[in-house]
Amino acid sequence: MGMYTSCHNYGLNYGDVNKGHRANGFTTDGGFKQYAINNINTLIKVPDDMSDEEATLVVTAGTSMYGLTELGGLIAGESVVVIGPGPIGLLGVAVAKALGAGPVILIGTRDSRLEIGKKLGADYILNIKNETDVVKAVKDIVGTKGTDYVVECAGTEQALNDAIMMTNRGGKICLAAFPHKPININIPHMVINNIYMYGIRGEGKSATHRAMQLMKEKRFNAKLVHTHTFNLADLPTALKYARERIDDAIKIVIKPWS
């Protein structure tokens, strides 16, 4: 519940599992194995008619839900722009649309991914390669004041500055990705226009449960984001596909028992 990832114990309990929050893959072992031990409070029942592959996307959708609701306070009818059609970005489109946002705009560079975004609920898709001014393109859709929300999933200097310039006064920018080195961004414009920028780390229990409910009700087809499945023995190949985006890989699932 709430901003649990802001807890000072979060991510600091390695070697002392009785303190703070256990984060699989960070402070405890990850999921590339056949068996795992988790507290029952961290589990969600998977419906009988939901495949394992689809169930892996509940947490991804939960991350987008956490950024838009717990941290962002999204209200139905507000406009949302998603920059970067990766797994979180694509399901950010789906979750935003399911929560009543509109219009929902997806920005990216790959037409194939943008088309998936359209199937997941994007009202408009913009390929940066075809736009001379993507900020103007967004404002042509939502109005000159700008969009209410941006979910930034690209993590580049240009994308962050575009996000700032396309956001309405008092609007919010959720950072679901980040650069790997310091960058220059337009802080003065953010201050003058009272724009809020916040990071997101993790998904939270309540957000994940609500994401599962949306998926159970077939509010969007998360399976569109799953592109590849590998056996556990082929993990190095799977990681290579994910890292290098081979065969336009988006969400890759590892089957521990295949």
Counting Lys and Arg as +1 and Asp and Glu as -1 over every other residue whose Cβ sits under 14 Å from the Cβ of Thr63, the net charge comes to +1
Cα pair distances of the stretch 76-199 binned at 10 Å [whole percent]
15, 50, 32, 3
How do the peptides 57-65, 45-53 rank, highest first, by the average count of neighbouring beta carbon atoms within 10 Å per residue?
57-65, 45-53
So how far, in whole Å, is the C-alpha centre of the stretch 212-227 from the one of the stretch 25-62?
15
Neighbourhood net charge (10 Å Cβ-Cβ; Lys/Arg +1, Asp/Glu -1) for Ile125
-1
Excluding Val46 itself, calculate the net charge of residues whose Cβ lies under 10 Å from the Cβ of Val46, where each Lys or Arg counts +1 and each Asp or Glu counts -1.
-2
Take the residue pairs Lys119/Lys139; Lys223/Lys251; Lys218/Lys255 and return only those whose Cα atoms are more than 19 Å apart.
Lys119/Lys139; Lys218/Lys255
Compute the normalised compactness of the chain: alpha-carbon radius of gyration over 2.2 N^0.38 Å, N being the residue count.
1.02
What number, rounded to the nearest 500 deg cm²/dmol, is the helix-based mean residue ellipticity at 222 nm of the chain, given -39500 (n - 2.57) per DSSP H run of at least four residues and division by all its residues?
-9000 deg cm²/dmol
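Only the coordinates and a few stated rules stand behind these numbers; no lab work does. Here the structure is a predicted model, which is why all the values come from computation and not from measurement. Because the Cβ atoms are built from the backbone with ideal geometry, glycine has one as well, and the counts that use them run over all protein chains shown.
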